[in-house]
Amino acid sequence: MTHPEKESPAGSAPVKRVYIETYGCQMNVYDSDRMRDVLAPLGYARADAPDEADLVVLNTCHIREKATEKVYSELGRLRAHKDRRAETGQATTIVVAGCVAQAEGEEIMRRAPVVDFVVGPQAYHKLPELIARTARATGDRIDATFEPEEKFDALPAPRAEGPTAFLSVQEGCDKFCTFCVVPYTRGAEYSRPVDQIVAEAKALAAQGVRELTLLGQNVNAYHGKDGGGAETSLARLLRLLARIEGVERLRYTTSHPVEMTEELIALHGDEPKLMPYLHLPVQSGSSRVLKAMNRKHTAEEYLAIVEKLRAARPDLALSTDFIVGFPGETEKDFEDTLALVRAVGFASAFSFKYSRRPGTPASGMHGQVEEDVKTDRLARLQSLLSCQQRGFNDRQIGQTLPVLVAERGRKPGQVLGKSPYLQSVHFEGDAGLIGQIVPVRIIDASQNSLTGAA
Ligand code: SAH
Ligand code: SF4
Ligand code: F3S
């Protein structure tokens with residue numbers, strides 16, 4: 001039985017549909033888009049819900065226990081979809097990709113027979129091969145190999161969706177913070193070659209992309225080779241990308257404080273296309289805890305970097321990540337964190353309770369903190385951080401900001417865009433403004449967004 005909406009216009013090969021559910025960080029968002037690019041030549045169009053899809057991919061995150069648990073509960077729901085579709089003769093292929101796939105491939109296959117195969121974050125360029133193999137019921141059903149170079153060589157040209165785009169420039173991490181799974185799930189640090197990145201940026205700009213966000217777990221440690229084989233810093237890469245016609249705005253994330261070089265700090269003052277917003281995770285304001293985390297810097301050193309950044313670019317807005325309740329964290333350590341927050345003044349921040357991750361050094365440390373203590377500290381920290389975020393947003397009222405209009409707003413006649421400080425701004429405007437940078441007077445602010453009048 002064929003479904004009318006599944007027939008291609010020419011009535012030839014039926015259109016297949018893929019639904020990708022993305023968890024975790026921006027690198028996974030980028031990877032999900034690239035998986036769609038890899039699948040497009042096989043005839044897969046985008047599905048909006050899993051029950052319309054012939055292929056469902058869960059692109060997973062392993063960073064905290066909760067993120068991992070979500071995958072198994074979602075697989076339970078997908079089993080019901082698969083059974084329901086099977087009743088009408090439709091097959092559904094279920095794939096687990098991303099960091100849980102890398103870390104727990106065998107366990108997934110054992111615990112969730114609904115899964116057809118598992119593919120790690122460095123192997124998804126082989127999706128077509130894995131799909132064919134599964135259809136033939138031959139070969140391995142887990143591909144968790146680390147081949148970032150081969151992956152980036154194999155990926156097709158990206159398809160842009162709207163005026164902003166992510167561009168992965170660096171993969172993996174060699175920092176081994178004692179709480180973190182990323183060095184195990186994403187492998188060793190790898191920087192893509194400069195020419196490949198420039199080509200991808202040009203292809204995106206030609207499709208109307210105006211703002212590029214360069215991605216890497218440790219993006220400021222970027223040291224890819226240029227055409228002549230010389231190592232290139234992130235600052236130099238950003239300078240090259242700023243020259244591409246059509247690229248009006250540049251951002252990069254996530255940075256490690258110890259890789260914040262003088263050259264990169266200076267670029268924040270010199271390069272107008274580099275947006276005045278930086279995500280610079282600090283994790284804790286206690287130098288003792290930072291040492292146990294293996295972050296390789298003290299709280300004072302972090303504050304000194306912030307000072308230099310603000311000297312280079314006085315209006316720089318900062319965002320960060322915190323972990324509360326790291327093993328051994330005392331009330332005094334936590335108060336040092338609150339003091340650091342007060343000293344810096346963040347425009348936004350993410351904060352998490354420490355989650356014990358199997359195989360990481362911190363999971364075996366003495367002094368694990370009680371859950372109720374973590375809950376209490378997280379609430380106190382978040383209340384301070386949300387006050388700062390609200391204050392930062394309120395201070396924009398009355399200013400005129402250049403807003404890159406990205407999409408239609410939720411209400412008719414409205415559009416939605418981003419300020420240089422990465423705030424969402426909605427205002428009355430025509431959809432024809434999408435893709436343009438327009439001056440918008442800010443007339444109101446809330447916790448999470450700004451209201452403007454063009
Ligand atoms: N590469 C980035 C972070 C990647 S993970 C960096 O170096 O900062 C994103 C955030 O998740 C981290 O900054 C940290 O705050 C949080 N995180 C990582 N592991 C965690 C764990 N075991 N428990 C709680 N939060 C964690
Ligand atoms: Fe994880 Fe630390 Fe690497 Fe960030 S720098 S990805 S927190 S190990
Ligand atoms: Fe999660 Fe993997 Fe990103 S563990 S945060 S999806 S690198």
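The values are calculated or read from the model by the stated rules, or taken from the named source; none is laboratory data. Worth saying up front: this structure is predicted, and the values here are computed from it rather than measured. All Cβ positions, glycine included, derive from the backbone under ideal geometry; neighbour counts span all protein chains shown.
Some notes on this structure:
- The residue that is nearest to ligand 2 (Cβ to nearest atom), among those in the range 173-202 that are under 18 Å from ASN294 (Cβ atoms) and of a type in the set (D, E, K, R), is LYS175.
- Answer residue from the range 133-167, given it is β-branched (Val, Ile, Thr) and assigned to a loop (DSSP other than H, G, I, E, B) and is farthest from GLU248 (Cα to Cα) among those: THR138
- For the range 101-121, the set of residues classified as among the aliphatic types (A, V, I, L, M) and within 18 Å of ARG34 (Cβ to Cβ) consists of ALA101, VAL118, VAL119, listed by residue number.
- Tally of residues being under 25 Å from ILE63 (Cβ atoms), surrounded by 16 or more Cβ atoms within 10 Å (Cβ to Cβ) and not aliphatic (A, V, I, L, M) across the range 159-182: 12
- Contact map, the range 58-86: residues that are assigned by TED's automatic domain parsing to the domain that holds TYR124 paired with residues that are away from ligand 3 (no atom under 16 Å from the Cβ) and assigned to a helix (DSSP H, G or I), Cβ distance under 6 Å, separation 6+ or inter-chain. Pairs shown: HIS81/PRO50; HIS81/ASP51.
Residues are listed down the side, and each one gets a yes or a no for (1) more than 18 Å from LYS353 (Cα to Cα); (2) surrounded by fewer than 14 Cβ atoms within 10 Å (Cβ to Cβ):
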| position | (1), (2) |
| --- | --- |
| GLN283 | no, no |
| ALA292 | no, no |
| LYS296 | yes, no |
| ALA299 | yes, no |
| TYR302 | yes, no |
| GLU307 | yes, yes |
| ARG310 | yes, no |
| LEU316 | yes, no |
| SER319 | no, no |
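- Here GLN283 qualifies as modelled with pLDDT of 95 or more and within 16 Å of ligand 3 (Cβ to nearest atom).
- Any hit, the range 282-293, residues being touching a residue at least 24 places away in the same chain (Cβ under 8 Å), over 30 Å from ASP37 (Cα atoms), in contact with a Leu (Cβ under 6 Å, 6 or more places away or on another chain) and not assigned by TED's automatic domain parsing to the domain that holds ARG342: yes
- Per the conditions (1) over 20 Å from CYS61 (Cα atoms); (2) touching a Gly at 6+ places or on another chain (Cβ under 7 Å), the sole criterion not satisfied by GLU189 is (1).
- Tabulated pairs, the range 147-170, first modelled with pLDDT under 95, second among the aromatic types (Phe, Trp, Tyr), C-beta under 7 angstrom, 6+ apart or interchain: PRO148/TYR190; GLU149/TYR190
- Top-ranked residue in the range 282-294 [being small (Gly, Ala, Ser) and in a helix (DSSP H, G or I); ranked as farthest from ligand 2 (Cβ to nearest atom)]: SER287
- SER319 in contact with a helix residue (DSSP H, G or I) (Cβ under 6 Å, 6 or more places away or on another chain) and not in a helix (DSSP H, G or I): no
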